[in-house]
Amino acid sequence: MEILDRHRPKESETDLRGWEWRYLWQFCRSDALRTITQLPTIAESVQVSADGQFVAATSGRPSGVTVARINGTVSPKVLADDLNVWRLAFHPSQPWLAVSGNTVAGALEVRLLDVGSGSLLWSARSEDFLREPGQTRRADTQMSPRAAKPHGEDQCFAVGFLAGGARLAAYVSGEPARLLIFETASGKVSKRHATRHNLAFSYAKPDSFVVSPDGTRCLIAAQENGIEAVDLETGQSVWHTQIGKVFSVLACSENGQWLAGADAGDNSIMILEMATGKRIGESLVGHDGWIGGIQFIDSDQTLVSCGADQTVRVWNLAERKTSARLIGSQQELWGLRRVPGSSRIVTGGKDGKLMLWDAQALSQPRDYVKVPRQIRGVRLVEGVQTVRTLDVNGAVEEWRAPRLEVPLKLFQLPGPGGDASFS
């Protein structure tokens, strides 16, 4: 786009651009509505508040979480800047954000923040919440600073609110992996469970761990292979897929009926039945690289995804095919989140950009009209929906959008227009 912009005529200059410029320009235009904000490094673990007002994302280093208003009316702010934040979750009804990560000393920590005021509601550290009831605090429950990496042992940490928001689930990998339930009001741990499976460290994305819409179970992209559903009350496994695949990203449909999983091996998306883990239909195939994020929209009949091929894809689940392909990002897309109650989504990219898109913008087929002429040149008339053409016989005509029917003949060149220029 930068190269094309160099050839835009300045005021009083002759426009020397031909059809080639406009042909390339249509492919360089971004389908994104706009860029919300720019993070200093990779934007991942993207989350959107329940009221659709705020977006939050982590960027690894520097520390903290960036919070911005989606409408862009207020400058972004960084919260928890003393914490290396890995994972985020917005409360289902309040402007509260749960974050998890490492302190400078290396301890795991969970915090609940009010994004409106920027205040800390409560915090809990690993030396407290990893102890069993009645166990004395031990300094060795902390991790060393050397181990403070998002995909290492005892730290692939994820959070998600249960239905209603009264409780918060947190996952800590390790031997054994642990599933903790916090009381949202106090930050106290009410339940502790050991789980059989760890997250798939090599492929772990922010959505490798999700909580079902009804809050009864969590879904884990298992390290060994497949997906495990765990009952949050008992800590018992409900089902575990045995299909020999490793999944990197998961998403639940709003009605709780379906689960989507991104296959880390062949970059496809599999749809499963939430209740049983049974595979439903053929996988969705189309991305030319790993998948960074998936979300259900539009009454669970539509799925959106993004990934390393820098595109956002909109999938028609009934037909199992892409209904739209949105372009505009110039870097890999590492995550996405739907803006509640709308078809808009927010993506986070390798370049740090948080971008806003409309998943329905290109969902309807585009109309292509065949002009019954052999065209030598085409020009768009600025400010009106009109196209002017020069055909090989030298006729210059004007066509009105959208159907380009019944052209108005402007004039006729004295000879064939095959070698004529058109400006």
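The values are calculated or read from the model by the stated rules, or taken from the named source; none is laboratory data. Please read these numbers as outputs of a predicted model, since none were measured by experiment. Cβ coordinates were reconstructed from backbone atoms using ideal geometry, including for glycine residues, and neighbour counts include every protein chain displayed. Just the protein is used for accessible areas: all its heavy atoms, side chains included, with ligands, DNA and RNA removed. Shrake-Rupley method; radii C 1.70, N 1.55, O 1.52, S 1.80 Å.
Per-structure values
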| quantity | calculated |
| --- | --- |
| Rounded to whole Hz, the Karplus (6.51, -1.76, 1.60) HN-Hα couplings of the range 322-335, x for glycine and proline | 6, 9, 7, 10, 9, 10, x, 6, 9, 9, 4, 9, 9, x |
| 5 angstrom amide H check on G215, placed H, neighbours 5+ away | A163 |
| Student exercise, the range 261-314 dipole from Lys, Arg, Asp, Glu Cβ charges, in Debye to nearest 20 | 100 |
| Where K77, K188, K350 fall by accessible area, highest first, once all protein chains stay in place (1.4 Å) | K188, K350, K77 |
| Solvent exposure, largest accessible area first (probe 1.4 Å, DNA, RNA and ligands not counted), of S248, S119 | S119, S248 |
| Unsatisfied cross-links (Cα-Cα over 26 Å) in the set K321/K353; K245/K321; K77/K353 | K321/K353 |
| Exposure rank, largest accessible area first [R125, R320; 1.4 Å] | R125, R320 |
| Cβ-defined net charge surrounding L272, 10 Å radius [Lys, Arg +1; Asp, Glu -1] | +1 |
| Counted charge near G256, where neighbours are those whose Cβ lies closer than 12 Å (Asp, Glu -1; Lys, Arg +1) | -3 |
| Phi to ³J(HN,Hα) by Karplus 6.51 cos²θ - 1.76 cosθ + 1.60 over the range 305-316, Hz, x for Gly, Pro | 8, 9, x, 5, 7, 6, 10, 10, 10, 10, 10, 8 |
| 21 Å tail of the calculated P(r), the range 30-126, as % of Cα pairs | 28 |
| Spherically averaged projected area in nm², based on the convex hull that wraps the Cα atoms of the range 171-322 | 9.0 |
| Isotropic mean projected area of the C-alpha convex hull, the range 249-367 (nm²) | 7.1 |
| Farthest positive-ward along the range 3-129 dipole, Cα basis, beta-carbon charges - from V55, A105, A89 | V55 |
